[in-house]
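Only one structure is covered here, and it is reproduced in the block below.
The values are calculated or read from the model by the stated rules, or taken from the named source; none is laboratory data. Computed from a predicted model, the values in this text were never measured in an experiment. Cβ placement follows ideal geometry from the backbone for every residue including glycine, while neighbour counts extend to all protein chains displayed. SASA here: full protein model, heavy atoms, side chains in, ligands and nucleic acids out. Shrake-Rupley method; radii C 1.70, N 1.55, O 1.52, S 1.80 Å.
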Amino acid sequence: MITSLSQLDLNKSYTYADYLLWQFEERVELIKGKILQMAAPSRAHQQVTTNLILAIGNALRHSPCKVYPAPFDVRLPHFSQKKNKDIVTVVQPDICVICDPAKLDDRGCIGAPDIVIEILSPGNSRREMKDKFSIYEESGVLEYWILSLSQKAIQVFRLNEQGKYYGTQPFVEGDNLTTPVLPGINILLSDVFVD
């Protein structure tokens with residue numbers, strides 16, 4: 001039984017089947033089989049997460065779409081690989097929106113959420129901007145929102161018909177954020193960045 005992260009070889013590759021056996025408290029993600037430790041979020045990070053969850057959740061009350069904050073496992077299998085031993089990418093986005101109930105089970109989500117929101121922190125910017133960008137794009141996440149606390153802005157990347165992300169003009173404090181993925185949603189960013 002693995003009860004401490006120190007018992008694992010961080011240079012080795014792991015699967016979701018391995019991940020399910022780990023009994024330690026540290027939060028980790030698997031990115032293409034490699035373990036990545038997650039830092040504890042700051043208070044500002046948690047406040048913005050709460051504000052966004054409330055805004056999105058209220059807008060989705062009568063919708064089949066559901067919003068989930070971390071910790072919430074999102075398993076991103078390649079193609080038809082749905083067995084735990086074959087899945088090598090398990091992420092915990094800060095927030096995700098899932099509109100297909102067939103993707104939800106007791107352990108979280110299997111397959112691409114419709115929207116993934118990651119909030120940049122000093123220790124995770126490279127991972128969010130590069131590594132996860134590629135993974136979310138490859139997996140078919142329709143929109144990937146990267147939120148900057150320091151700039152009070154959200155950069156939205158949308159998947160085009162060729163399966164590649166293109167960026168929109170950044171949404172900044174005072175703007176209303178809308179999305180074709182969730183028609184009717186209208187998030188006032190001044191309410192998101194309020195402390």
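For this structure, a couple of remarks:
- Accessible heavy-atom area order of Val194, Val90, Val181, highest first, probe of 1.4 Å: Val194, Val181, Val90
- Working note: Karplus 6.51/-1.76/1.60 with θ = phi - 60° gives segment 139-151 the couplings 7, x, 5, 5, 9, 10, 9, 10, 9, 9, 5, 5, 9 Hz, where Gly and Pro are set to x.
- Residue among Asp131, Asp105, Asp94 with the largest mean-square fluctuation in a Gaussian network model of the chain, springs linking Cα atoms under 10 Å: Asp105
- The 3J(HN,Hα) values that the Karplus relation (6.51, -1.76, 1.60; θ = phi - 60°) gives for segment 7-21 are, in residue order, 7, 9, 8, 5, 8, 7, 9, 10, 10, 5, 4, 5, 3, 5, 8 Hz. Gly and Pro appear as x.
- Computed per residue of the chain from DSSP H runs no shorter than four, each worth -39500 (n - 2.57), the mean residue ellipticity at 222 nm is -4500 deg cm²/dmol.
- Derived scalar couplings between HN and Hα for segment 67-72 equal 10, 9, x, 5, x, 7 Hz in order, rounded to whole Hz, by the Karplus curve 6.51 cos²θ - 1.76 cosθ + 1.60 (θ = phi - 60°), x for Gly and Pro.
- Convex hull of Cα atoms in segment 57-195, direction-averaged projection (nm²): 8.9
- Only one residue of Pro101, Leu120, Ser63 has its Cα farthest out toward the positive end of the dipole of segment 53-143, where Lys and Arg carry +1 and Asp and Glu -1 on Cβ, and that residue is Pro101.
- Lacking any other cysteine beta-carbon closer than 4.7 Å, the following Cys residues of the chain have no compatible partner: Cys96, Cys109.
- For segment 107-181, taking the reciprocal of the average inverse distance between every pair of different Cα atoms yields a Kirkwood hydrodynamic radius of 12.9 Å.
- In this Cβ point-charge picture (+1 for Lys and Arg, -1 for Asp and Glu), the chain has a dipole of about 340 debye about its Cα centre.
- Paramagnetic reach from Asp191 in segment 42-57 [backbone N under 18 Å; point 7 Å along Cα→Cβ]: 47-57
- Only the Cβ atoms of Lys and Arg (+1) and of Asp and Glu (-1) were treated as charged; on that basis the dipole of segment 5-67 about its Cα centre amounts to roughly 300 debye.
- Rounded if a/c under 1.5, otherwise prolate or oblate - segment 1-114, Cα gyration tensor axes: oblate
- Segment 137-195: GluC sites (Glu not before Pro) falling in loop per DSSP and having at most 13 other Cβ within 10 Å: Glu161
- Neighbour-limited loop hits for trypsin sites (Lys or Arg not before Pro), segment 117-191 (at most 12 other Cβ within 10 Å; DSSP other than H, G, I, E, B): Lys164
- List Thr3, Thr89, ordered by accessible area with a 1.4 Å probe, largest first: Thr3, Thr89
- Taking the charge dipole of the chain about its Cα centre, with +1 at Lys and Arg Cβ atoms and -1 at Asp and Glu Cβ atoms, the residue from Gln47, Leu10, Val28 reaching farthest to the positive side is Leu10.
- Where chymotrypsin sites (Phe, Trp or Tyr not before Pro) in DSSP loops with at most 14 other Cβ within 10 Å are excluded, longest remaining stretch of the chain: 80-195
- Flagged links, alpha-carbon separation over 30 Å, of Lys12/Lys66; Lys12/Lys152; Lys85/Lys152; Lys103/Lys164; Lys103/Lys152: Lys12/Lys66; Lys12/Lys152; Lys85/Lys152; Lys103/Lys152
- One Cα centroid belongs to segment 89-151, the other to segment 163-195; the line between them spans 16 Å.
- Once backbone amide H atoms are built at 1.01 Å from N, Asp175 has Leu189, Ser190 as its partners under 5 Å, excluding neighbours fewer than 5 places away on the same chain.
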